[in-house]
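Note sheet for the following structure.
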Amino acid sequence: MPPRTSRRRAGLRPGTPGTLARPLAALAGAGLALTALTGCGDTDPAGQAPPPASAANAKVDESKWPKATPETGLARGLVLPLQQYMQTYEDSVVIERAARTLQTQCMADFGFTVVFPPVGTNPPPNADDANMSRRYGISDRETAEKYGFGIPPDTVEHPPPPKLTAAAVAVLTGRKGLGPRAEPAPATYRGKKIPKDGCQGSSFDRIGARIDFGLSSRLDHDSLVKSQETPVVQAAVRAWSGCMKKKGYTVADPYAAIDLVPRVEGAETSPKEISAAVADIDCKKETDLVRVWHRAETAIQTQQVERNQLALQQLKEKNAHAVKAAEAALRG
């Protein structure tokens, strides 16, 4: 049986359908490593560790990227009104690819050679904040038969991150460290002015990718919580719980089902967990819980979109503009 992964519980709690990390927030701390210089000053680009050959040659398997609209299981074909105002993983990859290209060029202007790992080698479990395939708990029986309440393990060999000197980090991020609370770096490097927020910040500014998706994320969270309170969903959940009871499981709602079987992180998925997960999905099918819940939440989100149409449309246009600008930057 497959081992569990640290991402196995993604999207299985009420009100937290999943958050797709925004490129600007994630890039500084992910895919980078800081190395101290020995025998060279921190301001000497030649002292930077050579980029690993595997970083440039790593393969990106797009078939493993999550889908915004589920293609299998009980949630197959289901979408929510707010999803068109979210940034998909595919969008974020285009933007991040362009940003890294611009960052590489910017760093070269300061005398640094940086090879970033390819974008898209380590996709998240969900394609956007809606996380439709697991929004109402697990929904794919074939996956449950293999991994229980978990997700397929990450079997991709990821390239090592580039090792940057302290000087390179300062130029890349505009700070003395990789953390968001690190002290600001000097304003210049060897007499050349460092862009605001470093090469990283300037790359996203050029694309127009500093976008706040807080509104769509908040509305998405609120709709899920409110939908749970509707009489029709509560009735469907009670029916699901009754079905589970007949199968030998006492559980109040689908989000609590993951706790039916004790587990040890890193251990193999047990037959007991697989049985519980399959029962969960079979009861969802018997009670039509997923589609009942989806209809109720769709009605709520439709009202949310009507009340916030202008702001949401602006958000959608900003994201579309960023993606087009990123595509143009990639074309050179």
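The values are calculated or read from the model by the stated rules, or taken from the named source; none is laboratory data. Note that the coordinates shown come from a computational prediction; the quantities given were computed from them, not determined experimentally. Heads up, the Cβs are rebuilt from the backbone with ideal geometry, glycines too, and the neighbour counts pull from every protein chain shown. Keep in mind that these areas ignore ligands, DNA and RNA; they rest on the heavy atoms of the full protein, side chains included. Shrake-Rupley method; radii C 1.70, N 1.55, O 1.52, S 1.80 Å.
Each of the peptides 96-105, 113-122 was scored by the mean count of other Cβ atoms within 10 Å over its residues; in descending order, highest first, they stand as 96-105, 113-122.
Note on Lys272/Glu71: beta-carbon distance plugged into 1/(1 + (r/R0)^6) with R0 of 35 Å gives a FRET efficiency of 0.75. Once amide H atoms are built 1.01 Å from N in the peptide plane, which residues 5 or more positions from Asn131, or in another chain, come under 5 Å H to H? Those qualifying (amide H under 5 Å, at least 5 residues apart or on another chain) number zero. The simple spin-label model puts a point 7 Å past each Cα toward its Cβ; for Asp154 and Arg190 those points are separated by 3.5 nm. Rolling a 1.4 angstrom probe over region 184-332 with all protein chains present gives an accessible area of which 54% lies on carbon and sulfur atoms.
Assuming charge only on the beta carbon of Lys and Arg (+1) and of Asp and Glu (-1), the dipole of region 267-332 about its Cα centre is about 420 debye to the nearest 20.
Among 186-194, 66-74, how do they line up from the highest to the lowest mean number of other beta-carbon atoms within 10 Å? Please list the in-between numbers first.
Numbers: 186-194: 11.8, 66-74: 18.0.
Output ranking for 186-194, 66-74: 66-74, 186-194.
Here the extension length gained between Glu142 and Asp259 equals 40.1 nm, from 0.36 nm per residue of separation less the Cα-Cα distance.
Probing with 1.4 Å while keeping every protein chain in the model, the per residue accessible area of region 173-262 equals 55 Å².
Close amide H partners of Tyr189, meaning residues 5 or more places away or on another chain with modelled amide H under 5 Å apart, are Ile194.
Hey, which of these cross-link pairs are over 20 Å Cα-Cα: Lys245/Lys272; Lys247/Lys284; Lys176/Lys196; Lys176/Lys318; Lys146/Lys272; Lys163/Lys196? Mind showing how you got there, number by number?
Details: Lys245/Lys272 16 Å; Lys247/Lys284 13 Å; Lys176/Lys196 13 Å; Lys176/Lys318 31 Å; Lys146/Lys272 12 Å; Lys163/Lys196 22 Å.
Distance filter (> 20 Å) returns Lys176/Lys318; Lys163/Lys196.
Counting only residues at least eight positions apart within a chain, or on another chain, the aspartates and glutamates with an alpha carbon under 13 Å from that of Lys67 are Glu90, Asp91, Asp128, Asp129. Rounded, prolate or oblate for region 274-332? Axes are the square roots of the Cα gyration tensor eigenvalues, ordered a ≥ b ≥ c, and the cut-off for rounded is a/c under 1.5. Since a/c reaches 1.5 but b/c is at least a/b, the shape of region 274-332 is classed as oblate.
Solvent exposure of region 73-120, expressed per residue, is 34 Å² of accessible area, with all protein chains present and a 1.4 angstrom probe.
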